[in-house]
Structures are given as structure tokens and as C-alpha cells.
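J.: A single structure is presented below for examination.
FYI, it's all coordinate maths here, none of it is from the lab. No experiment lies behind these values; they were computed from the predicted model shown. Here the Cβ is made from the backbone with ideal geometry for all residues, glycine too, and neighbour counts use every protein chain on show.
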Amino acid sequence: MPIIHKLDHFIVNQIAAGEVVERPASIVKELMENSIDADAKAITLEVENGGISFLRVTDNGTGMEEDDAKASFQRHATSKISDADDLSNIQTLGFRGEALASICSVSQMEMMTRQRNALSGYRLVNHGGEMIRVEEAGCPEGTTILVRNLFYNAPARLKFLKSPRSETAAISELTAKLILAHPEISFKYISNGKIIYHSPGTNCLLDAILTIYGKDVKNELIAIDAKPAGSSLSVSGYVGKPSLARTNRSHQSFFVNG
């Protein structure tokens with residue numbers, strides 16, 4: 001009797017989710033990068049309990065029509081690439097089409113989305129990879145994704161998460177990097193009801209640095225801007241004066257093609 005068999009859809013999604021969703025910060029990364037790819041100019045992140053019980057990302061990006069919103073929950077469904085040639089010319093942060101399918105398979109997810117200039121939007125509810133509800137709804141332009149009860153159906157994985165405090169720290173670090181990498185976007189990060197970061201989105205790196213590190217650090221920086229003659233490469237940013245020297249690299253950030 002054959003012993004090799006095809007895994008059912010639920011098990012496949014659970015396994016694939018392990019490659020994308022390691023912890024709440026993994027979800028934050030995927031959702032906020034989707035917002036950036038959607039041309040959002042303002043992104044709000046709200047978390048409670050380190051993102052384990054509640055996590056919400058709201059943007060004012062392009063939003064989606066009903067069919068695209070439903071398709072976004074399917075594995076390997078993406079608007080970023082169409083054929084193999086596109087793989088050599090990736091212009092977006094995400095392109096695999098796995099994020100939402102992986103996240104919803106191990107959580108209780110709700111999406112609210114509305115295209116720009118559309119009269120109404122749509123609300124989609126998905127629990128554990130199963131679509132529970134799709135309905136027309138009034139909502140702001142852009143997309144909001146709410147993730148509740150991460151790993152509620154995978155207790156073995158829930159057990160290996162770190163404390164809410166540690167998970168919050170990982171989310172805070174990731175959010176700080178995104179603020180520095182995208183000073184053109186206004187980010188608001190709220191943890192347990194408290195505003196942690198709120199960047200102005202002025203497209204000024206120094207303003208983003210002020211948001212993360214404060215005025216004392218901002219006032220002790222030296223600007224760099226170099227482009228060797230005949231080269232397509234350039235380097236720009238800020239380095240700290242000796243007074244800001246640290247014994248570790250925790251305040252060092254490097255972004256390529258940012």
C-alpha cells in the first residue's frame with residue numbers, strides 16, 4: 001500500500017507559515033512592506049501584548065477591489081510579478097505572494113480595504129486560513145489589516161514565542177529601521193495604547209533620526225554625501241561625532257538602494 005500521500009491544504013499552509021511567520025515582528029515586516037509597496041504616505045501600527053494577541057496595520061495606500069482582496073489571501077498570488085523575467089527586475093519589497101496566506105493560516109485576520117476614489121470598500125474575515133466573511137463596507141481609502149490571537153491553532157509554536165516585552169522590543173527595532181529607511185512616509189507606532197514613534201514623513205532623514213534617537217543625537221551628527229566620479233554608486237547619511245561612540249552597533253543602520 002502506498003505510504004506517500006499529498007498533504008491537505010491546511011497542513012500545507014501551516015508548514016509554509018513557519019517559513020514566513022516566526023513571531024509578531026515577522027508579521028509587522030510583511031504587512032508594513034505591503035503598505036510601502038502600495039504607495040502609502042501614512043502607516044499606523046498598533047500592537048498589544050507584543051503583537052501576540054492584537055496587531056493592526058493601517059495605511060492610506062492604493063487599496064484593493066473585491067476580487068484582488070480575496071485573491072491576496074491565496075498562496076502565490078501577487079501583483080508584483082507576472083513572469084520569470086520580472087524576477088531580474090524586482091522593484092518592490094515583497095513579491096512572493098505568501099505573506100497574507102501564511103499569516104491568516106495561524107491567526108484570526110480581518111481586512112478592510114478601499115480603493116482611492118471608490119464609493120465603498122470591503123471587509124474580509126479569515127480564521128486559520130478559512131474565509132469566514134466577505135462583505136461591502138464603509139472604510140477609509142487604503143487598507144487596514146487586523147491580526148488577532150497569533151498561533152491560536154498552533155499551540156506548539158505559541159509556546160516558543162518570547163515574552164510580550166521581548167516581542168515588543170523586536171517590533172520596536174524593526175519599526176525604527178523602517179522609519180529611517182523611508183523618511184518620506186509618516187509612521188505612527190502605538191504599543192499598548194502608548195505612542196512610541198510618530199515620524200513626520202517630510203522626506204528628511206534628519207527628521208526621521210530625530211524621531212528615533214532624539215534631539216541630543218541629532219545635534220551631534222555629521223552629514224556625508226559622496227559620489228565618486230564616473231560611478232553610479234553614491235553614499236549619503238549621517239555619522240556620529242566621537243561623543244556618540246558606543247561599545248556596540250545597535251545604533252548603526254545601513255540601507256542599500258533606499
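J.: Note down the net charge around GLY201, summing +1 for each Lys or Arg and -1 for each Asp or Glu among other residues with Cβ under 14 Å from its Cβ.
T.: Around GLY201, the surrounding residues sum to -2.
J.: How far apart, in nm, are two points set 7 Å out from the Cα along the Cα-to-Cβ line at THR247 and at SER163?
T.: 2.2 nm
J.: Hey, can you rank 142-148, 229-235 by average C-beta count inside 10 Å, highest first?
T.: 142-148, 229-235
J.: Enumerate the amide H contacts of ILE185 below 5 Å, restricted to partners 5 or more residues apart or on another chain; note that Pro and chain-start residues carry no placed amide H.
T.: ASN203
J.: Answer rounded, prolate or oblate for the range 178-258, using the Cα gyration tensor with square roots of eigenvalues a ≥ b ≥ c: rounded when a/c is under 1.5, else prolate when a/b is larger than b/c, else oblate.
T.: oblate
J.: May I pose another question? Going by how many other Cβ atoms sit within 10 Å of their own, how do ARG249, ARG116 line up, fewest first?
T.: Least crowded to most crowded, the residues run ARG249, ARG116.
J.: For the range 109-223, rounded, prolate or oblate, judged on the Cα gyration tensor with a ≥ b ≥ c (square roots of eigenvalues), a/c < 1.5 rounded, else prolate if a/b > b/c?
T.: The shape class here is oblate.
J.: Now for a different question. What is the range 149-199 by shape, rounded, prolate or oblate, if you read a ≥ b ≥ c off the alpha carbon gyration tensor as root eigenvalues and call it rounded for a/c under 1.5, prolate for a/b larger than b/c, and oblate otherwise?
T.: Taking the square roots of the gyration eigenvalues as a ≥ b ≥ c, the range 149-199 is prolate.
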